Amino acid sequence: MRSISLMENRKQMPNKTPSQFEKWFYAGMKPGLNARQVKAPWLKVMCLTGLDYFGSLGYAPGIAALAAGVLSPTATLVLVLLTLFGALPMYKRVAVASPHGQGSISMLEKLTPGWWGKALVLSLIGFAATDFIITITLSAADAAAHLAENNYVHDLCAANTTWSFLQDKMGVTFVLLAILSVVFLAGFKEAIGVAVVIVSSYMLLSAGVEAAGCYQIFITPNAFANWQSQLFAVYHTPWNMTFKSLILFPQLALGLSGFETGVAVMPLVEGDPGDTEESPTGRIRNTQHLLTAAAIIMSAFLLTSSIITTLLIPQELLQAGGVANGRALAYLAHKYLGSFYGTAYDVSTIFILWFSGASSLAGLLSLVPRYLPRFGMAPSWARATRPLVLFFALVAFVVTYLFKASVDAQGGAYATGVLVLMSSAAVAVVLSFPKGQKIKRTLYCFVALVFCYTTIMNIIQRPEGLHIAVFFILTIFVISFISRISRSTELRTRNVSFDANASKALDEAKGKKLHIIAHYPGPHDYEAAAQKAREQHSIEDGELVFLEITVAEPSDFAEACLDVIGVRENGYDVLRSTSAAVPNAIATILLAIRNRNEIVPHAYMYWTEGNPLRLAIQFVFLGEGVTAPVTREILREAEPDPARRPKVHVV
């Protein structure tokens with residue numbers, strides 16, 4: 001088979017030379033590829049994903065102690081067990097199934113083809129956008145709140161009103177978001193480098209706080225025994241403790257937030273020298289190392305922090321307005337390690353909260369180019385990194401303004417996005433197992449039920465999260481529909497492959513007038529069809545070749561290559577191909593024939609009868625309808641030179 005590129009023999013038209021800024025801004029934008037090519041060792045990428053995951057230590061221990069009381073360590077143990085024996089093996093399987101950063105969404109897409117599959121993907125991307133965008137805005141707002149409530153900042157503002165802007169939470173949040181965007185505009189290497197410094201510092205300081213807490217428990221007489229007595233006095237039996245812990249699990253589930261981001265940024269993970277895009281074995285293995293290391297580290301820190309928080313901080317201090325509310329480990333740092341260490345821990349917490357949006361932004365920049373441009377549901381510039389950074393930054397600014405930089409107002413949406421994605425991943429993993437593997441399917445089915453239960457309970461307890469997610473989903477649907485319509489007259493592939501019979505038919509037509517008759521697929525009397533074409537289109541001489549396009553999956557958009565096969569029917573050559581849209585395929589093949597035979601072909605069509613609006617909708621969703629005018633418009637946009645543009649005749 002011979003492949004023809006539509007860029008061959010194309011006459012060069014006078015175009016504006018891109019400026020240096022445009023080259024930098026759109027760097028790496030190639031059809032069908034993710035723009036980013038930066039790779040880093042998995043330990044460094046773990047720091048990028050760990051910004052959000054590890055950063056939750058800033059608030060997770062306090063939330064657990066406030067929600068569960070003396071049961072906090074037991075409830076956290078349930079979370080840890082589900083993390084290590086449920087979420088971790090589940091996402092290691094997701095990494096194998098989607099090694100290019102598509103996440104669990106791609107697994108469900110394969111299981112649900114067609115427009116229903118596209119709708120499911122768009123809905124899940126809506127929840128992912130809810131998770132990632134709210135993480136960016138919530139974390140920046142929380143960092144601004146920590147800064148505004150710091151004792152030194154209070155004293156500084158009281159002494160000199162010039163510094164009062166530091167207590168403007170909205171303004172500080174905007175500044176933090178702007179700085180984060182600038183870091184990503186500079187490049188992913190810079191973002192990963194900053195993440196390594198911030199995460200390493202924060203985890204070392206957190207380890208010091210937890211070590212000090214454990215030491216205090218060790219030297220405090222009967223501290224552990226008193227806690228055990230209180231625990232059994234309230235819950236009596238281990239079964240009661242386990243049951244109550246499962247009920248409380250939805251309130252602790254934010255400690256699972258790092259897994260989806262971990263697989264979303266897989267393209268950043270450095271693999272083996274022999275890796276290929278089709279088989280990135282080293283990248284998959286290293287991503288599994290990343291997920292495992294992150295899960296073990298976080299589990300150890302969460303379990304230890306829940307113990308020291310429950311045993312060392314009175315419940316009243318964890319309540320709203322208490323000195324330990326939202327900052328349990330920071331409170332312990334100040335109390336047991338002094339003001340200097342405590343202040344260093346505060347600064348480290350502010351930095352990791354601010355930059356934790358980087359892992360979410362990295363996830364978005366990996367996820368969106370993999371789906372929306374391929375579906376024809378985003379502009380072509382969405383394949384490039386820097387335009388997306390600016391777009392998501394604008395969305396983050398708008399969300400921050402609408403929620404007045406309030407952490408509490410955004411918390412429900414954050415949890416909803418995380419849990420819906422993890423539930424969908426659990427369902428996808430269950431369905432990916434062959435029916436013969438009953439034990440594994442049963443075990444993962446239990447994990448899926450736990451995540452679905454957690455999601456439902458979270459939505460019941462905090463319905464505002466679902467409301468925000470629905471807004472994101474509806475927005476994505478509207479933008480996707482508008483984009484699909486606006487891009488409907490694009491060429492959907494740049495390559496056409498003719499088989500031996502098709503090549504022979506075109507070779508025989510070289511040097512002759514070539515008339516392409518657009519024809520519906522199916523059994524036909526080609527002699528009668530040729531006679532009709534000659535009479536109605538007044539064709540007197542030249543070769544007649546029929547072209548038939550069968551619509552395969554109209555919900556698809558981009559195509560790697562159009563394969564054209566040739567057959568001989570009733571003494572006439574017939575070219576046949578399969579595509580998602582008839583007009584786009586006809587235009588593409590006409591351009592390929594022009595390049596191959598070095599002659600401008602003439603295409604002959606008939607008007608489609610029916611309501612124009614219905615036919616236009618039919619084209620958008622079913623790939624056929626207003627064939628003649630759409631084919632003409634596609635050719636006009638693809639070939640600016642009228643003399644080289646294939647001719648379309650309609651009767």
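Yes or no, residue by residue, for (1) hydrophobic (A, V, I, L, M, F, W, C); (2) part of a loop (DSSP other than H, G, I, E, B); (3) open to solvent by less than 60 Å² (accessible area, probe 1.4 Å):
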{"residue": "Arg576", "(1), (2), (3)": "no, no, no"}
{"residue": "Pro583", "(1), (2), (3)": "no, no, yes"}
{"residue": "Ile586", "(1), (2), (3)": "yes, no, yes"}
{"residue": "Leu591", "(1), (2), (3)": "yes, no, yes"}
{"residue": "Arg594", "(1), (2), (3)": "no, no, yes"}
{"residue": "Tyr604", "(1), (2), (3)": "no, no, yes"}
{"residue": "Gly610", "(1), (2), (3)": "no, yes, yes"}
{"residue": "Ala643", "(1), (2), (3)": "yes, no, no"}
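Could you run through region 146-162 and say how many residues are free of Cβ contacts under 8 Å to residues at least 24 places away in the same chain and surrounded by 13 or more Cβ atoms within 10 Å (Cβ to Cβ)? Within region 146-162, residues that are free of Cβ contacts under 8 Å to residues at least 24 places away in the same chain and surrounded by 13 or more Cβ atoms within 10 Å (Cβ to Cβ) number 5.
Would it be correct to say that Ala362 is touching a Leu at 6+ places or on another chain (Cβ under 7 Å) and not in a helix (DSSP H, G or I)?
No; evaluated as a whole, the condition is false for this residue.
Taken over region 315-334, the criterion of being surrounded by fewer than 17 Cβ atoms within 10 Å (Cβ to Cβ) and without any contact (Cβ under 8 Å) to a residue 12 or more places away in the chain is satisfied by Glu316, Ala320, Gly321, Val323.
Quick one: is Ala378 assigned to a helix (DSSP H, G or I), of a type outside the set (Ser, Thr, Tyr) and at negative phi?
Against the criterion (assigned to a helix (DSSP H, G or I), of a type outside the set (Ser, Thr, Tyr) and at negative phi), Ala378 does not qualify.
Here Asp131, Asp155 are screened, and the one residue that is under 22 Å from Ile352 (Cα atoms), part of a helix (DSSP H, G or I) and of a type in the set (D, E, K, R) is Asp131. Contact annotation: residue pairs with Cβ atoms under 7 Å, 6 or more positions apart or on different chains, pairing a residue in region 553-572 that is open to solvent by 60 Å² or more (accessible area, probe 1.4 Å) and at pLDDT below 80 with a partner that is part of a loop (DSSP other than H, G, I, E, B) and of a type in the set (Val, Ile, Thr), are Ala560/Thr493. Here Pro369 fulfils each of the conditions (1) crowded, with 20+ Cβ neighbours inside 10 Å; (2) assigned to a loop (DSSP other than H, G, I, E, B) apart from (2). Against the conditions (1) in a helix (DSSP H, G or I); (2) touching a residue at least 12 places away in the same chain (Cβ under 8 Å); (3) of a type outside the set (S, T, N, Q); (4) open to solvent by 10 Å² or more (accessible area, probe 1.4 Å), Ile617 satisfies every one except (2).
With the structure loaded, tell me whether Asn9 is of a type in the set (S, T, N, Q), surrounded by fewer than 23 Cβ atoms within 10 Å (Cβ to Cβ) and either at positive phi or at pLDDT 80 or above (or both) or whether it fails that test. Yes, satisfied.
Listed here are the residues, each with its yes/no results for (1) part of a helix (DSSP H, G or I); (2) of a type in the set (Val, Ile, Thr).
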residue: Ala405; (1), (2): no, no
residue: Ala426; (1), (2): yes, no
residue: Ile439; (1), (2): yes, yes
residue: Leu443; (1), (2): yes, no
residue: Thr455; (1), (2): yes, yes
residue: Asn458; (1), (2): yes, no
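Among the residues of region 506-528, the ones that are open to solvent by less than 30 Å² (accessible area, probe 1.4 Å), modelled with pLDDT of 85 or more and outside any strand (DSSP E or B) come to 1 in all.
The values are calculated or read from the model by the stated rules, or taken from the named source; none is laboratory data. Nothing here was measured: the structure is a model prediction, and the numbers come from that model. Reconstructed Cβ throughout: ideal geometry from the backbone, glycine too, with neighbour counts over all protein chains shown. The area values use the complete protein model at the heavy-atom level, side chains included, leaving out ligands, DNA and RNA. Shrake-Rupley method; radii C 1.70, N 1.55, O 1.52, S 1.80 Å.
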